[in-house]
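Below: the structure, in structure tokens.
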Amino acid sequence: MAHLNHSPADRERFICIYPAYINGKKTIAEGRRISLEKAATNPTCSEIQEVCSTAGLNAIAENNKMYPREWNRDAQFRGRVRVQLKTEDGSLCLEQFPTRLAIMLHVAEMIPKLKTRTQKAGGGDQTLQPGEGGKKSKKKKK
């Protein structure tokens, strides 16, 4: 009965993006749909939704969904994002995103620039430096 709520027109207006589609850690056989050079590293459903919403797209996270080829059941690999590509009359919601591929490429490019990603990377660099210093001092003691 749930399928009756979604007409074919609704399905055409909204596209699905699973994290695997833009994940550089996945192979094409595992579901990656964009080139490795343009893919993001382990994107999450919430990151995809955030980037889409920031770009002005209507994006709805469906955290209870799972990509069929995904073997890892961890929370970070769960979910998909439904993104509105076209309006009811069939026109594009945003001209700069004419296709599913255009949205996927934009999302993969923007995820590494998210504050949550840049702050984690900065924190990682800071923790590495003291660790390296500690190793050097150990070598000097020997």
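The values are calculated or read from the model by the stated rules, or taken from the named source; none is laboratory data. Values in this document were obtained by computation on a predicted structure and should not be read as measured data. Glycine also receives a Cβ, built like all others from the backbone with ideal geometry; neighbour counts cover every protein chain displayed. When the accessible area is computed, the model is the full protein with side chains, heavy atoms only, and any ligands, DNA or RNA have been set aside. Shrake-Rupley method; radii C 1.70, N 1.55, O 1.52, S 1.80 Å.
Of note:
- Candidates in segment 78-93 are the residues that are hydrophobic (A, V, I, L, M, F, W, C) and open to solvent by 40 Å² or more (accessible area, probe 1.4 Å); of these, the one that is farthest from the chain's Cα centre (by Cα) is L92.
- Some residue of segment 90-109 being of a type in the set (S, T, Y) and modelled with pLDDT under 90: no
Per-residue answers, yes or no, for (1) surrounded by 11 or more Cβ atoms within 10 Å (Cβ to Cβ); (2) part of a loop (DSSP other than H, G, I, E, B); (3) touching a helix residue (DSSP H, G or I) at 6+ places or on another chain (Cβ under 8 Å):
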residue: W71; (1), (2), (3): no, yes, no
residue: F97; (1), (2), (3): yes, yes, yes
residue: A102; (1), (2), (3): yes, no, no
residue: E109; (1), (2), (3): yes, no, yes
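- Residue in segment 48-55 that is modelled with pLDDT under 95, in contact with a helix residue (DSSP H, G or I) (Cβ under 9 Å, 6 or more places away or on another chain) and surrounded by fewer than 15 Cβ atoms within 10 Å (Cβ to Cβ) present: no
- Filtered residue count, segment 27-38, keeping only those that are open to solvent by 20 Å² or more (accessible area, probe 1.4 Å) and part of a loop (DSSP other than H, G, I, E, B): 7
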